[in-house]
1. Restricted to Cα positions, what overall size does the chain have along the principal axes? Three whole-Å values, descending.
2. What number, in percent, do you get for the relative contact order of the range 1-94 if the mean sequence gap of Cα pairs under 8 Å and at least 6 apart is divided by its residue count?
3. So if each residue of separation counts as 0.36 nm, and I subtract the Cα-Cα distance between Glu181 and Lys107, what length gain in nm does that give?
4. Just report the Cα centroid separation between the range 159-234 and the range 282-328, whole Å.
5. Mind listing the long-range amide H neighbours of Leu311? Cut-off is under 5 Å, sequence gap 5 or more, other chains count too, H placed in the peptide plane at 1.01 Å from N.
6. Could you pull out every one of the lysines with an alpha carbon less than 17 Å from that of Lys281, ignoring same-chain neighbours closer than 8 positions?
7. I need the peptides 160-172, 47-59, 98-110 ranked by packing, meaning the mean over residues of other C-beta atoms within 10 angstrom, with the highest value on top.
8. With the Cα gyration tensor of the range 163-247 in hand, give its eigenvalues times 5 under a square root as the equivalent ellipsoid semi-axes, listed largest first in whole angstrom.
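Derivation of every value follows stated rules applied to the coordinates shown; laboratory data play no part. Being a predicted model, the structure only gives us computed values, none of them experimental. Don't worry about glycine lacking a Cβ; one is built from the backbone with ideal geometry, like all the others, and counts go over all protein chains shown.
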Amino acid sequence: MGFPERRLRRLRRSETARRLVRETRLSADRFIYPMFVMPGEGVRQEVASMPGIHRQTVDRLVEDAREAFALGVPGVILFGLPPVKDARGSGADDPRGVVPSAVRALKRELPDLLVLADVCMCEYTDHGHCGIVEGNEVLNDPTLARLTAAAVAYAEAGCDVVAPSDMMDGRVAAIRRGLDENGFADLPILSYAAKYCSGFYGPFRDAADSAPKFGDRRSYQMDPPNVREALEEVALDIEEGADMVMVKPAMPYLDVVRAVRERFNVPLAAYQVSGEYAMIKAAARNGWLDHDRVMMEALTGIVRAGADFVLTYFAKEAARLLRAGLRG
Ligand code: PBG
């Protein structure tokens, strides 16, 4: 049966009918709020290219996280801005460092908030690469011990999930072993399994002051045209012990999100990265896009593609709209 008997417009005639047949529903339950923690006290600095997002000291960060949690956002992911950077990224596994301090404060003040700790070297190294560097090479195997030490430090501080984002081979297995040997067999790993070498990370690198000082990340992050390789990355990370996997960025890689969803059964995250956030903010500021509408549409698209949860700088704003019963 086709037209004129079949008319798909019948079910689009009212908001109540549309609500009834809606296939994808956004909920604050699906959001993780990324946060940047810096040393000191009482400071909150807005990131120029990310309006509404701040680098902040632990005391301020706790207040921001409290707001997110009160809006129904279940968790946050922490990125650290250490007081000093060096070649081996010493700040990454310093038990007195910015991330462990933030983890302890968050778990003390908001025990039910899920605290995820990003595990990577690039925020802590003076050269800005995600691992140990020799000459112009980012060395894989020597980096694994550094990542493992960082993961164990965050576990000891009390985080709920560690999330390696460096893209070294074998890091999930190394971190799993390190956690198990140190009494953290119950701590889950969310691996940034398919992380692409993307121009959309630009604003994050301003926020974290983590742009590589030489070269680029093409020798470790994935080549944007590849999707079969993403499935290999995900398969290996699951074999190595990843409890959850991630695709990053989100919007330019929704086909990857879908492909991973169809082949694997572990929980799947997508990271709507800084550039995706900045584009929407900038266009909305110019009056070129309707901010709330495209924010909700972008998040809905990521969930519709198959992500179980989304790391998004919009977490608070979107949760606020959902709470008010407004959706895109
Ligand atoms: C690396 C890391 C990056 C992001 C998250 N973890 C940056 C990079 O690989 O350069 C980017 C997130 C974003 O753009 O929002 N530790």
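1. 69, 45, 39
2. 28
3. The span from Glu181 to Lys107 would gain 24.3 nm if fully extended.
4. Value for the Cα centre distance between the two parts: 25 Å.
5. Amide H to amide H, under 5 Å and 5 or more residues apart or across chains, Leu311 pairs with Ile32, Ala270, Tyr271, Gln272.
6. Of all the lysines, those that pass the test against Lys281 - Cα under 17 Å, at least 8 places apart if same chain - are Lys316.
7. Going by the mean number of other Cβ atoms within 10 Å, highest first, we get 160-172, 98-110, 47-59.
8. On the way: eigenvalues 120, 54, 22 Å².
One finds semi-axes of 25, 16, 10 Å for the range 163-247.
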